[in-house]
Amino acid sequence: MEIFVLGVNHQTAPVTIRERVAVPEHLLPQALHKLIETSVVNEGLILSTCNRTEIYYTAESDAQNGLVGWLDQFNQLEPGTLQPYLYHHEGDDAILHLLRVACGLDSMVLGEPQILGQLKRAFALAREADALDVCLTRLLQHSFSVAKKVRTDTDIGQNAVSVAFAAVSLARQLFSSFSSKTVLLVGAGETIELVATHMVQNRVGDVLVANRTLARAEALGEQFNGKPYTLEALPELVPLADIIISSTASPLPVIGKGMVERALKIRKHRPILIIDLAVPRDIEPQVVELDDAFLYSVDDLQQIIQQNMKQREQAAEDAEAIVRAYVSEFKEWLNQRSSATLIRALREQMDDYKEEVLVKATKKLENGANPQEVAQFIAHTLTQKFLHYPTMKIRQATTNADQALLNAAEHLFGMND
């Protein structure tokens with residue numbers, strides 16, 4: 001039995017393909033049941049995110065062709081639609097791929113931690129659907145341990161590599177704690193939503209949301225327990241804010257130097273961190289001239305991101321070494337499990353021989369046969385049964401000049417000791 005992975009990701013398929021093959025979480029149990037019903041796999045797990053859809057499975061032989069057809073059919077695609085975009089790994093390569101995915105080494109954003117949570121969720125759903133057996137269960141648990149070690153032993157996830165995350169990381173450098181701070185989010189688009197997510201995760205005190213349309217501000221405020229306002233309220237909101245992060249589509253600045261200067265007087269010059277993520281800029285550049293106002297533009301953050309990405313790439317080299325070492329560790333477990341199965345089967349076969357011979361020997365004794373002759377019968381018959389198949393294979397190897405098998409036989413039976 002071998003381990004395989006079949007899938008598409010951001011490196012092999014455009015979003016138009018990825019979205020057609022993505023499996024929503026509520027459909028995963030159904031997909032897993034249908035996967036197992038194909039009978040071409042022994043066990044399976046489906047990992048589906050915005051950047052990848054992968055099937056991890058074990059099988060007695062490669063079931064790639066059958067699964068490619070199944071993927072097309074399940075996603076109601078024309079046969080062959082996915083073939084140009086698919087990748088396929090088996091054995092050590094499949095194990096390595098999973099460990100790299102779990103550690104964020106195969107992600108669009110190097111080292112991002114979200115994929116591990118998504119993989120754990122996929123694992124839980126596969127277990128609930130009874131789609132897993134011993135091998136994949138052990139491999140998935142192994143991948144979680146490796147990801148934890150990579151996070152602990154390297155700096156792969158320590159440095160911000162997205163604008164939103166970089167903005168929050170910059171704020172954390174200025175303020176040791178967010179719990180008593182007020183953040184003003186100007187705008188309500190995707191970038192601000194990501195900033196809000198990171199801020200809430202860092203337990204910021206109060207969240208104020210100002211947007212051109214109040215409805216969008218209300219929607220974002222409801223999501224993150226924030227108070228919604230329109231942009232007209234900015235003169236009253238800026239003095240309340242310890243941190244201002246802005247990203248609107250306005251062609252002109254929405255916060256000027258005068259507004260910030262008045263706010264600082266009201267605040268008695270308590271510092272304000274202002275991060276402008278907009279292009280064109282939302283904050284007048286002259287704000288940087290004010291004492292106690294710390295202004296950063298998106299270009300400033302890009303420099304931080306580029307530096308952090310280099311640090312992540314250096315950490316990734318260490319992470320890759322850890323991952324490859326743990327591939328060998330899992331392979332060792334897999335080999336031991338295979339040898340245990342072989343040994344168990346061999347012992348069961350020998351027990352069958354023993355029972356068969358004992359039945360015949362008992363009948364001989366009941367019919368009055370000489371015990372010594374019966375003992376010789378037992379020894380001779382068991383020896384013949386045990387050696388029959390190996391002897392036949394050794395003769396075939398000799399005829400075929402299969403020296404590797406002959407050497408293995410010598411080693412197995414201790415003939416060269």
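Below is a table of values for the structure above.
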{"item": "Test for V327: is it within 30 Å of Q141 (Cα to Cα) and either in contact with an Asp or Glu (Cβ under 9 Å, 6 or more places away or on another chain) or buried (at least 18 other Cβ atoms within 10 Å of the Cβ) (or both)", "result": "yes"}
{"item": "Residue identified as surrounded by fewer than 20 Cβ atoms within 10 Å (Cβ to Cβ), in the same structural domain as L28 (by TED's automatic domain parsing) and of a type in the set (D, E, K, R) among R138, R100", "result": "R138"}
{"item": "Which numbered condition F386 misses (of (1) farther than 30 Å from M108 by Cβ; (2) of a type outside the set (S, T, N, Q); (3) in contact (Cβ under 8 Å) with a residue 24 or more places away in the chain; (4) in contact with a Leu (Cβ under 9 Å, 6 or more places away or on another chain))", "result": "(4)"}
{"item": "Residue check for Y85: in contact with an Asp or Glu (Cβ under 8 Å, 6 or more places away or on another chain) and in contact (Cβ under 8 Å) with a residue 40 or more places away in the chain", "result": "no"}
{"item": "Region 374-417, residues that are modelled with pLDDT under 80, surrounded by 11 or more Cβ atoms within 10 Å (Cβ to Cβ) and outside any helix (DSSP H, G or I)", "result": "F413"}
{"item": "Qualifying helices (runs of 4 or more DSSP H) (wholly inside region 154-267; at least 2 residues being surrounded by fewer than 16 Cβ atoms within 10 Å (Cβ to Cβ), more than 29 Å from the chain's Cα centre (by Cα) and not basic (K, R))", "result": "163-174, 214-223, 234-237, 257-266"}
{"item": "In region 30-59, residue modelled with the lowest pLDDT [restricted to those that are of a type in the set (S, T, Y) and within 20 Å of the chain's Cα centre (by Cα)]", "result": "T49"}
{"item": "Near pairs, Cβ below 8 angstrom, 6+ apart or cross-chain, from region 209-221 (outside the structural domain of V195 (by TED's automatic domain parsing)) to any residue that is surrounded by fewer than 21 Cβ atoms within 10 Å (Cβ to Cβ)", "result": "none"}
{"item": "Residue list for region 92-133, restricted to those being assigned to a loop (DSSP other than H, G, I, E, B) and acidic (D, E)", "result": "D106, E112, D130, D133"}
{"item": "Residues of region 297-348 satisfying the condition of being within 30 Å of I245 (Cβ to Cβ), part of a helix (DSSP H, G or I) and of a type outside the set (A, V, I, L, M)", "result": "D299, D300, Q302, Q303, Q306, Q307, N308, K310, Q311, R312, E313, Q314"}
{"item": "Unique residue being among the basic types (K, R) and farther than 23 Å from S169 by Cβ when the list is R267, R281", "result": "R267"}
{"item": "Subset of region 1-45 (residues that are of a type in the set (V, I, T) and farther than 11 Å from Y85 by Cβ)", "result": "I3, V5, V15, V23, I36, T38, V40, V41"}
{"item": "Unmet criterion (only one of (1) within 30 Å of Q311 (Cα to Cα); (2) among the hydrophobic types (A, V, I, L, M, F, W, C); (3) out of contact with any helix residue (DSSP H, G or I) (no Cβ under 8 Å at 6 or more places or on another chain)) for A63", "result": "(1)"}
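Let's see how each residue does on (1) over 23 Å from A188 (Cα atoms); (2) out of contact with any Gly (no Cβ under 8 Å at 6 or more places or on another chain); (3) among the hydroxyl-bearing types (S, T, Y):
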| position | (1), (2), (3) |
| --- | --- |
| I272 | no, yes, no |
| D291 | yes, yes, no |
| F294 | no, yes, no |
| S297 | no, yes, yes |
| Q303 | yes, yes, no |
| M309 | yes, yes, no |
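Residue-wise test of (1) among the β-branched types (V, I, T); (2) assigned by TED's automatic domain parsing to the domain that holds A124; (3) under 20 Å from D92 (Cα atoms).
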{"site": "G7", "(1), (2), (3)": "no, yes, yes"}
{"site": "V21", "(1), (2), (3)": "yes, yes, no"}
{"site": "L45", "(1), (2), (3)": "no, yes, yes"}
{"site": "I55", "(1), (2), (3)": "yes, yes, yes"}
{"site": "A59", "(1), (2), (3)": "no, yes, yes"}
{"site": "D62", "(1), (2), (3)": "no, yes, yes"}
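The values are calculated or read from the model by the stated rules, or taken from the named source; none is laboratory data. Keep in mind that this is a model prediction, so the values were computed, not measured. Don't worry about glycine lacking a Cβ; one is built from the backbone with ideal geometry, like all the others, and counts go over all protein chains shown.
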